[in-house]
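Worksheet for the structure shown next.
The values are calculated or read from the model by the stated rules, or taken from the named source; none is laboratory data. Every value quoted in this text rests on a predicted model; they were computed, and no experiment measured them. Please note: Cβ atoms are built from the backbone with ideal geometry, for glycine as well, and neighbour counts cover all protein chains shown.
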């Protein structure tokens, strides 16, 4: 199928129902998350290149160990995210050439960094790049950090948010405002029409996991809020 832009579809507004994919609503005993926006996300493909050599005959001080450099950088990147109140994830890691008796000459890994503010995320990325470069230098290695995806923070429409809040109050459901940590279709529709989302809790805060689940009651409450919010928005016209 040919790609199609939502800009030409004439949407009046967009409301999306989803599980939270995190633990906050469940931990705070909230039935509904009133989503105010989606946080900024940056992905990178990273490579640290040292030199492969024999594990049994190369003294520790002669090694150009790309894995050792990676391990140091990974620990520092985690702390950078903690210090800034953001998130950092290394989701894919590959050591080359991949033999038990060869010091890895190259490490390839992905880096996912997120924050609800664009400026804070930019600062995190700068510090992460420095951490990777300095770790590589300490091990006589080189590095490359290449952008893979860049999604700026996306605030949602104030009127749509108000309609969701009004719906939770009408239905008497405990709710709180929340920023989405994950990307959703709403991230794209928000660029062309008024948009917001409704979150319901998920068991244990688990998502992208086989144990991901939500109760029938929570899903039903989410659907009720979605319906009430859409009807209230439409009644404004």
Worksheet item: Are any residues in region 129-165 outside any strand (DSSP E or B), in contact (Cβ under 8 Å) with a residue 24 or more places away in the chain and within 30 Å of residue 234 (Cβ to Cβ), and if so, which ones?
Response: 152, 153, 156, 157, 159, 160, 161, 163, 164, 165
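Every residue, every condition in (1) at pLDDT 95 or above; (2) surrounded by fewer than 17 Cβ atoms within 10 Å (Cβ to Cβ), yes or no:
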position	(1), (2)
152	yes, yes
163	yes, no
187	no, no
192	no, yes
212	no, yes
231	yes, yes
Item to complete: Could you tell me whether region 101-118 includes any residue that is assigned to a helix (DSSP H, G or I), surrounded by fewer than 16 Cβ atoms within 10 Å (Cβ to Cβ) and touching a residue at least 12 places away in the same chain (Cβ under 8 Å)?
Response: yes
Worksheet item: Does residue 220 qualify as being over 26 Å from the mean Cα position of the chain (by Cα) and in a helix (DSSP H, G or I)?
Response: yes
Worksheet, complete the sentence: Of all strands (runs of 3 or more DSSP E) fully inside region 1-93, the set with 3 or more residues that are at pLDDT 95 or above and over 17 Å from residue 181 (Cβ atoms) is 40-49
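Matching residues to (1) touching a residue at least 12 places away in the same chain (Cβ under 8 Å); (2) within 21 Å of residue 38 (Cβ to Cβ); (3) part of a helix (DSSP H, G or I); (4) out of contact with any helix residue (DSSP H, G or I) (no Cβ under 7 Å at 6 or more places or on another chain):
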{"site": "182", "(1), (2), (3), (4)": "yes, yes, no, yes"}
{"site": "187", "(1), (2), (3), (4)": "yes, yes, yes, yes"}
{"site": "196", "(1), (2), (3), (4)": "yes, yes, no, no"}
{"site": "210", "(1), (2), (3), (4)": "no, no, no, yes"}
{"site": "226", "(1), (2), (3), (4)": "yes, yes, yes, yes"}
{"site": "233", "(1), (2), (3), (4)": "yes, yes, yes, no"}
Practice prompt. Sort out which residues of region 128-159 are under 18 Å from the mean Cα position of the chain (by Cα) and closer than 18 Å to residue 78 by Cβ, and write them in order of number.
Written response: 128
